Protein chains: 2
Amino acid sequence: EIIPQENYFSREMLDRLSGKRTDKTWLEAKHSDPDTVYLMFSKLSPMVSAPQEDNGARGETRLCRFRYEAVKDLLQKPATVLIFLGVERRKNPSSSSSSQNNGGTWEPPAWFAVGTDEDAVELLKRCREKNCCFPKSPNRDLLKLNEEEAGVVAQARSVLCWHSRYSFCPTCGSSTGLEEAGYKRSCLNSECRSLQGVHNTCYPRVDPVVIMLVVHPDGNQCLLGRKKIFPTGMFSCLAGFVEPGESVEEAVRREVEEESGVKVGPVQYVSCQPWPMPSSLMMGCLAIAVSTDISVDESEIEEARWFSREQVIDSMFKGARPAFSVPPRQTIAHQLIRHWIGINANL
Amino acid sequence: EIIPQENYFSREMLDRLSGKRTDKTWLEAKHSDPDTVYLMFSKLSPMVSAPQEDNGARGETRLCRFRYEAVKDLLQKPATVLIFLGVERRKNPSSSSSSQNNGGTWEPPAWFAVGTDEDAVELLKRCREKNCCFPKSPNRDLLKLNEEEAGVVAQARSVLCWHSRYSFCPTCGSSTGLEEAGYKRSCLNSECRSLQGVHNTCYPRVDPVVIMLVVHPDGNQCLLGRKKIFPTGMFSCLAGFVEPGESVEEAVRREVEEESGVKVGPVQYVSCQPWPMPSSLMMGCLAIAVSTDISVDESEIEEARWFSREQVIDSMFKGARPAFSVPPRQTIAHQLIRHWIGINANL
Ligand SMILES: Nc1ncnc2c1ncn2[C@@H]1O[C@H](COP(=O)(O)O)[C@@H](O)[C@H]1O
Ligand SMILES: Nc1ncnc2c1ncn2[C@@H]1O[C@H](COP(=O)(O)O)[C@@H](O)[C@H]1O
Ligand SMILES: [Mg+2]
Ligand SMILES: [Mg+2]
Ligand SMILES: [Mg+2]
Ligand SMILES: [Mg+2]
Ligand SMILES: [Mg+2]
Ligand SMILES: [Mg+2]
Ligand SMILES: [Zn+2]
Ligand SMILES: [Zn+2]
């Protein structure tokens, strides 16, 4: 039985065309192509046009899209980071699209992300849309996009975060240079051993994380915890980084025991979510507890509790007086909890 | 339905006790504890006692274990990397174990990995066992351990590989210092922004990889490919690195299409395997093809082919003239193929 799962940040509206990353001629033609779409990032935040406050619930946050002419000067600046994101998956030109490349053969528009350090106020003036901004709280503000744009932002922001913190070679400490349309940084020291063979030091980092809903041995309660930084009353799934030499299932058992003292037996993968703050891959699992006493690791978790199925349903579907709240639907924590209340109590 | 899966390299015979990594007093006491076990690594290769050639199939490759007295001098050298691996999971002293710590309360032995640059020939003289060596081909030689030692090596080697290539701060290029018993490196430049907040630059890297058995739409053939470097006649599952901002399922679809031209629909996670060369986490999946024409990416794959269920069974269970060979049982590729021939043709 195969259930297609799709979480926020995981939709791929672009075909990454990784083979084109080394094709300089093709990339250069796309840079100045009038159909090419540029997204602009300042301090790892994308420029968006926020819904008008006075319009109430109307409208969603949308990415500001730029054409070549509007970003041309930025692309010349040495501090600018340019990432090739891919081409739109649609096979046919839409009626609004005008240009025909290569004497008639239509190609879907290419997308690039531009990361720049230029003054944010000046950058915002480049956009003709109203209410533009670079949102300040990625954890909250990047959850307001539609599914397609969320997927593009996940890719772009993860790669930009990597460039912002990995500009020196970890093997020798020298500077590195951007290559392969933003997906590689090579050491500029020609003696460096990172240049011999293929090494992960040159490629963007993705951190696997486990996030799990722990189910009580009775099948009718689940374990949720809260960190001090959570909004009042909010509880979520436990989570933690997969360590070197560890499987996903063992990481689930170790993190649950570390954070709550609860021992876990069987673990089942449910779905995953890229989380671009900065570049995690959240592996969502159901975990069956084989003990029930809770003893929290106070350095990480403020409180952990067993919640009954009824309490959880009440909280998710806004009962009159929910005992607690869960994270929003865009999070895999929310989706794991929903998944659990949707399946039979006895796994 | 939850199937416990265990792949080679994923058994955890040690409790990592991550909370102890910052407890200097406890760690120091364990260093000189006579029960403590040290493993020795030279150039990322563990010292092992290989089975005697003249003894035929008898015996397996085993890790050489050292006591404090035998490595004491190495621990003083500044170039030595010392990693705390954890403590044995057993709750009671075995009859052979003599020491009782803290006036009577027995504690399970702690394990450490020692990474050193000292002359390998001299290091080998420290071991009293016969036929010791530092194997040269990790991809082959590290597959000869028992399940428990394989799990320990997966952890130790991944962390040591990270230290060997990440000794400079990627954010500012300065030197870093080892902390938290080997699980953290902090920048020694007090002005560095990597010291403000928590950042992945300080923690060991784990690279998520997808590895997938692609099943033909007819359910009775699977897609296997070979790289130029494979032994003659060997075919395996396709695989590739998960990219930033990508889900496991999308990475499967992208890599299969890139490498073979075959389009994939549903993807199902099966099990995973830590692969410590240097530090991958192989996410094993079954993928259902929705197209069948093959067009290989010659830069990566030499040949890819659909193999029938009969051909695969023949190859795995050594038919008279198998058309091809698959990787050994210690690989997740082997286990995915086995999994497929064990399940019903119609998923
Ligand atoms: N790749 C990483 N990025 C950030 N923090 C990490 C990473 N790996 C380990 N950590 C540590 O893990 C802590 C969070 O705990 P957890 O998410 O439960 O594993 C952080 O405060 C760091 O000390
Ligand atoms: N973390 C990484 N470590 C090593 N190679 C990588 C990594 N990320 C991307 N690559 C590239 O991916 C190629 C292997 O292709 P694949 O395994 O199919 O993704 C390597 O030759 C590198 O060019
Ligand atoms: Mg955690
Ligand atoms: Mg934790
Ligand atoms: Mg952790
Ligand atoms: Mg590959
Ligand atoms: Mg590939
Ligand atoms: Mg790849
Ligand atoms: Zn270098
Ligand atoms: Zn630094």
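The values are calculated or read from the model by the stated rules, or taken from the named source; none is laboratory data. Fair warning: this is a prediction, and the values are worked out from it, not measured in the lab. Don't worry about glycine lacking a Cβ; one is built from the backbone with ideal geometry, like all the others, and counts go over all protein chains shown.
Picking from B:Ile229, B:Ile288, which residue would you name as being away from ligand 7 (no atom under 16 Å from the Cβ), farther than 23 Å from A:Asp207 by Cα and surrounded by fewer than 22 Cβ atoms within 10 Å (Cβ to Cβ)? Answer to the selection: B:Ile288. Note on segment A:261-282: among residues that are more than 16 Å from A:Thr331 (Cα to Cα) and more than 9 Å from chain B (Cβ to nearest Cβ), the one that is farthest from ligand 3 (Cβ to nearest atom) is A:Lys263. One residue alone among B:Gly104, B:Gly115 is away from ligand 2 (no atom under 16 Å from the Cβ), at pLDDT below 95 and of a type in the set (Gly, Ala, Ser), and that residue is B:Gly104. Taken together, A:Ser194, A:Ser190, A:Ser158 contain a single residue that is more than 16 Å from ligand 1 (Cβ to nearest atom), modelled with pLDDT of 95 or more and surrounded by 17 or more Cβ atoms within 10 Å (Cβ to Cβ), which is A:Ser194. Residue pairs whose Cβ atoms lie under 6 Å apart, separated by 6 or more positions or on different chains, with the first residue in segment B:174-194 and aliphatic (A, V, I, L, M) and the second within 16 Å of ligand 3 (Cβ to nearest atom), are B:Ala181/B:Arg21. Restricted to segment B:229-261, and to residues there that are touching a Ser or Thr at 6+ places or on another chain (Cβ under 6 Å) and of a type outside the set (Gly, Ala, Ser), the residue that is nearest to ligand 9 (Cβ to nearest atom) is B:Pro244.
List pairs: first in segment A:244-260 and more than 10 Å from A:Val210 (Cβ to Cβ) and within 9 Å of chain B (Cβ to nearest Cβ), second within 15 Å of ligand 3 (Cβ to nearest atom) and in a helix (DSSP H, G or I), Cβ under 8 Å, 6+ apart or cross-chain? Sorted first by the residue in segment A:244-260, then by its partner, the pairs are A:Glu258/B:Ser18; A:Glu258/B:Gly19.
Out of contact with any helix residue (DSSP H, G or I) (no Cβ under 7 Å at 6 or more places or on another chain) and closer than 29 Å to A:Gly151 by Cα: is that true of A:Ser260 in this structure? For A:Ser260, the condition - out of contact with any helix residue (DSSP H, G or I) (no Cβ under 7 Å at 6 or more places or on another chain) and closer than 29 Å to A:Gly151 by Cα - is not met. Inclusion of B:Ile301 among residues that are touching a strand residue (DSSP E or B) at 6+ places or on another chain (Cβ under 6 Å), part of a strand (DSSP E or B) and of a type outside the set (Phe, Trp, Tyr) is not warranted.
A:Asn200 falls short on exactly one of the conditions (1) under 23 Å from A:Ala251 (Cα atoms); (2) touching a residue at least 60 places away in the same chain (Cβ under 8 Å), and that condition is (2).
Given the condition within 7 Å of chain A (Cβ to nearest Cβ), buried (at least 24 other Cβ atoms within 10 Å of the Cβ) and in contact with a Lys or Arg (Cβ under 7 Å, 6 or more places away or on another chain), answer yes or no: does some residue in segment B:168-176 qualify? Within segment B:168-176, one or more residues are within 7 Å of chain A (Cβ to nearest Cβ), buried (at least 24 other Cβ atoms within 10 Å of the Cβ) and in contact with a Lys or Arg (Cβ under 7 Å, 6 or more places away or on another chain). For segment A:130-153, a residue qualifies if it is out of contact with any Cys (no Cβ under 8 Å at 6 or more places or on another chain), surrounded by 14 or more Cβ atoms within 10 Å (Cβ to Cβ) and outside any helix (DSSP H, G or I), and the qualifying residues are A:Asn131, A:Cys133, A:Phe134, A:Pro135, A:Leu145, A:Asn146.
Looking for whichever is over 27 Å from the mean Cα position of the chain (by Cα) and either free of Cβ contacts under 8 Å to residues at least 12 places away in the same chain or within 14 Å of another protein chain (Cβ to nearest Cβ) (or both) here; the options are B:Arg305, B:Arg321, B:Arg309. Which one fits? Before the answer, list the steps.
Values: B:Arg305 fails: either free of Cβ contacts under 8 Å to residues at least 12 places away in the same chain or within 14 Å of another protein chain (Cβ to nearest Cβ) (or both); B:Arg309 fails: either free of Cβ contacts under 8 Å to residues at least 12 places away in the same chain or within 14 Å of another protein chain (Cβ to nearest Cβ) (or both).
Answer to the selection: B:Arg321.
Scanning segment B:283-292 for residues that are at the interface with chain A (Cβ under 9 Å from one of its Cβ atoms) and more than 25 Å from B:Val152 (Cα to Cα) yields B:Leu286, B:Ile288.
Step by step: first the residues of segment B:58-80, then only those that are among the β-branched types (Val, Ile, Thr) and more than 25 Å from B:Glu147 (Cα to Cα), then the one that is surrounded by the most Cβ atoms within 10 Å (Cβ to Cβ). Which residue is that?
First pass over segment B:58-80, keeping only residues among the β-branched types (Val, Ile, Thr): B:61, B:71, B:80.
If we keep only those that are more than 25 Å from B:Glu147 (Cα to Cα) as well, we get B:71, B:80.
Values: B:Val71: 22, B:Thr80: 16.
Top of the filtered list is B:Val71.
Tell me, yes or no, whether segment B:199-215 has at least one residue that is within 16 Å of ligand 1 (Cβ to nearest atom), over 25 Å from the mean Cα position of the chain (by Cα), farther than 21 Å from B:Pro276 by Cα and in a strand (DSSP E or B). The answer is no; no qualifying residue exists. Among the residues of segment B:216-236, none is identified as within 14 Å of ligand 2 (Cβ to nearest atom), in a loop (DSSP other than H, G, I, E, B) and among the hydroxyl-bearing types (Ser, Thr, Tyr).
Using the structure shown, decide if B:Ser271 is touching a residue at least 12 places away in the same chain (Cβ under 8 Å) and touching a strand residue (DSSP E or B) at 6+ places or on another chain (Cβ under 6 Å). Walk me through it before giving the result.
Details: touching a residue at least 12 places away in the same chain (Cβ under 8 Å): yes; touching a strand residue (DSSP E or B) at 6+ places or on another chain (Cβ under 6 Å): yes.
When the stated conditions are applied, B:Ser271 passes them.
Does B:Cys202 qualify as being modelled with pLDDT of 95 or more, touching a strand residue (DSSP E or B) at 6+ places or on another chain (Cβ under 9 Å) and closer than 30 Å to B:Met47 by Cα? Reasoning before the result, please.
On the way: modelled with pLDDT of 95 or more: yes; touching a strand residue (DSSP E or B) at 6+ places or on another chain (Cβ under 9 Å): yes; closer than 30 Å to B:Met47 by Cα: yes.
Judged against the criteria, B:Cys202 is a match.
Among the conditions (1) facing chain B (nearest Cβ under 10 Å); (2) in contact (Cβ under 8 Å) with a residue 12 or more places away in the chain; (3) in a loop (DSSP other than H, G, I, E, B); (4) under 30 Å from B:Gly284 (Cβ atoms), the only one that A:Ala156 does not satisfy is (3).
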